[in-house]
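The values are calculated or read from the model by the stated rules, or taken from the named source; none is laboratory data. Keep in mind the model is a prediction, meaning the values are calculated, not measured. Here Cβ is always computed from backbone atoms with ideal geometry, including for glycine, and neighbour counts include all displayed protein chains. Areas reflect the complete protein model, heavy atoms only, side chains present, ligands, DNA and RNA absent. Shrake-Rupley method; radii C 1.70, N 1.55, O 1.52, S 1.80 Å.
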Amino acid sequence: MKLVRLALPVYVELLTAVVAVGLIDLLWVSGLGSRAVAAVTVATTAEHLALGVILAVQTGTTVLVGRRDGREPIQPVIRTAWLLWAVTALVVAVPGVLLREPLARLFTADAVTAGLTADFFLVSFAGIPVFFAQSLVDGIFKGRGDTTTPMRTALLCNVLVIGLDPLFIYGFGFGVQGAAAATVLARAVTLAVALILLARRTPRDRTARANRVDAVAIVRTGLPMSGDFLARSLVGMVLVEVIGGFGTVALAGYGIGTKIMLAGVMAFYALRQAAMVLTARSGEPGPALRYGLTAGLAVAVVLNAVAVPVAGLFTGDPAVAAEAVSFLRWMTLYLVPFGGLISVGGVLQASGRGSRLLTATLAGFAIQLPLAYVLSAVLGPTGVWLAMATGAALTLALIGGPALRSRPPRDGAGSALEPGEGGADPVHRALPAEHLDRLEQR
């Protein structure tokens, strides 16, 4: 039960920060027709992939701030993180805006849908710096032990999107582009509030400077954490391209189905974080695999029960709704193994074996993607769903046993013990060598 108690608040946070905005946009544009739904599906999938770029900076900053807070000045890390934010935001935003039209055409052959997607990209990619900045601010708060503020700012953003979406989409007549503009504006207001709170709560140090040592430490720490995310996002984009080949109706149904499913999938990622914390602090993985498989089955049952009425909320087109319902029905085969492997991933991360997880994930995708093309040629979209289930089952088979057979180490980079919880001094276990020398000299 300790695993569940840890996972429940994380689930609320993930559901608020990750799922809600995309669902809100999709709900409001559904009145514009299936092409608008398909365009938002493609555009938000690409934005989700962009999140993986800043995730390396965000998670690396969270870890370094957490290690130094109360022990060493954290301002150099924060200033270095902002420098990395500027670089990553420009690297993603500028090409995204300039290449928005060919990027849109990669995912759909329908000229109207591609045009709507490009319109969304113009605004959403221009707003990427705001999106990345909010992610970084959340990471700094979490590094200082404050997870409540990111949850509250995410709620504020959702409230603003709910109010601004109809105004921009229908009131001003901006259509699909209005959904993107409303989201960027909501994020900008939320970021302003978050920055004010961060300035009030963070100690000031005018002498602090960004530096190369901290930049390397942030990137080196964050890259393994974002690798799995990026791999899954890239595969998601490939699947959008495969489904797009079956027409706008199939693509719109897939987009609605994935948005609905995401609300349940967040439970797996909550268990993953909870398993990571529990493993790092107690040295025991807990029943991560059992709870993950159980959660997968529970989510599958719920999605099957609500598939028809919930799909109807997103579209008035019976053909699109039927595609979404079919997707959710077939996902039963996928969700059970997927819940298990995501939950067990927390054990691997905490015990310093994240590279094993990434290797298994890539191996599963190496089977899943070719299989998706082969089976879809025979069975249509159903072949893609069967390929997804096969890839998830293979990945779980590769990591499930090894993750639970060996006890994770109490010390080392994978540990997340707090001061006073036992084991080696967390400062001397976690800080990079260049900072240990300074501490010893004191």
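Condition check ((1) within 30 Å of PRO203 (Cβ to Cβ); (2) open to solvent by less than 20 Å² (accessible area, probe 1.4 Å); (3) free of Cβ contacts under 8 Å to residues at least 12 places away in the same chain) across all residues:
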{"position": "ILE78", "(1), (2), (3)": "yes, yes, no"}
{"position": "ALA81", "(1), (2), (3)": "yes, yes, no"}
{"position": "LEU99", "(1), (2), (3)": "no, no, yes"}
{"position": "PHE120", "(1), (2), (3)": "no, yes, no"}
{"position": "VAL130", "(1), (2), (3)": "yes, no, no"}
{"position": "SER135", "(1), (2), (3)": "yes, yes, no"}
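Among the numbered conditions (1) within 23 Å of GLN273 (Cβ to Cβ); (2) touching a residue at least 12 places away in the same chain (Cβ under 8 Å); (3) surrounded by fewer than 21 Cβ atoms within 10 Å (Cβ to Cβ), the only one that LEU167 does not meet is (1).
For the range 101-118, residues that are of a type in the set (Val, Ile, Thr) and surrounded by fewer than 18 Cβ atoms within 10 Å (Cβ to Cβ) total 1. When you look at ILE196, is it free of Cβ contacts under 8 Å to residues at least 60 places away in the same chain and of a type outside the set (Phe, Trp, Tyr), yes or no? It is true that ILE196 is free of Cβ contacts under 8 Å to residues at least 60 places away in the same chain and of a type outside the set (Phe, Trp, Tyr).
Looking at VAL235, VAL216, just one residue is within 19 Å of LEU55 (Cα to Cα), of a type in the set (Val, Ile, Thr) and surrounded by fewer than 16 Cβ atoms within 10 Å (Cβ to Cβ), and that residue is VAL216. Only helices (runs of 4 or more DSSP H) whose full extent lies in the range 1-120 are considered here, and the ones with at least 2 residues that are under 30 Å from THR248 (Cα atoms) are 20-29, 34-68, 75-98, 100-105. Please verify whether VAL42 is in contact with a Leu (Cβ under 8 Å, 6 or more places away or on another chain) and in contact (Cβ under 8 Å) with a residue 24 or more places away in the chain, treating the condition exactly as stated. So VAL42 fits the description; yes. Every listed requirement among (1) open to solvent by 40 Å² or more (accessible area, probe 1.4 Å); (2) touching an Asp or Glu at 6+ places or on another chain (Cβ under 8 Å); (3) over 30 Å from ILE74 (Cα atoms) is met by ALA250 save one, (1). Scanning the range 271-294 finds one or more residues that are within 14 Å of the chain's Cα centre (by Cα), at pLDDT below 80 and under 25 Å from THR16 (Cβ atoms). Restricting attention to the range 322-341, the residues that are open to solvent by 20 Å² or more (accessible area, probe 1.4 Å) and over 25 Å from THR361 (Cβ atoms) total 5.
Flag: ALA250 does not match the condition of being at pLDDT below 85 and farther than 23 Å from ALA360 by Cβ. Scanning the range 186-196 finds no residues that are out of contact with any helix residue (DSSP H, G or I) (no Cβ under 7 Å at 6 or more places or on another chain), under 29 Å from GLY245 (Cβ atoms) and at pLDDT 90 or above. When the range 199-222 is filtered for residues that are under 24 Å from the mean Cα position of the chain (by Cα), in contact (Cβ under 8 Å) with a residue 60 or more places away in the chain and over 30 Å from CYS157 (Cα atoms), the ones remaining, listed by number, are ALA217, ARG220. The test for being touching a helix residue (DSSP H, G or I) at 6+ places or on another chain (Cβ under 7 Å), at pLDDT below 85 and in a helix (DSSP H, G or I) holds for MET237.
The set of residues in the range 11-22 being at pLDDT below 75 and either out of contact with any Ser or Thr (no Cβ under 8 Å at 6 or more places or on another chain) or open to solvent by 60 Å² or more (accessible area, probe 1.4 Å) (or both) consists of THR16, ALA17, VAL18, VAL19, ALA20. Only one of the listed residues (SER34, SER30) is surrounded by 22 or more Cβ atoms within 10 Å (Cβ to Cβ) and either over 17 Å from ALA180 (Cα atoms) or at pLDDT 75 or above (or both). That residue is SER34.
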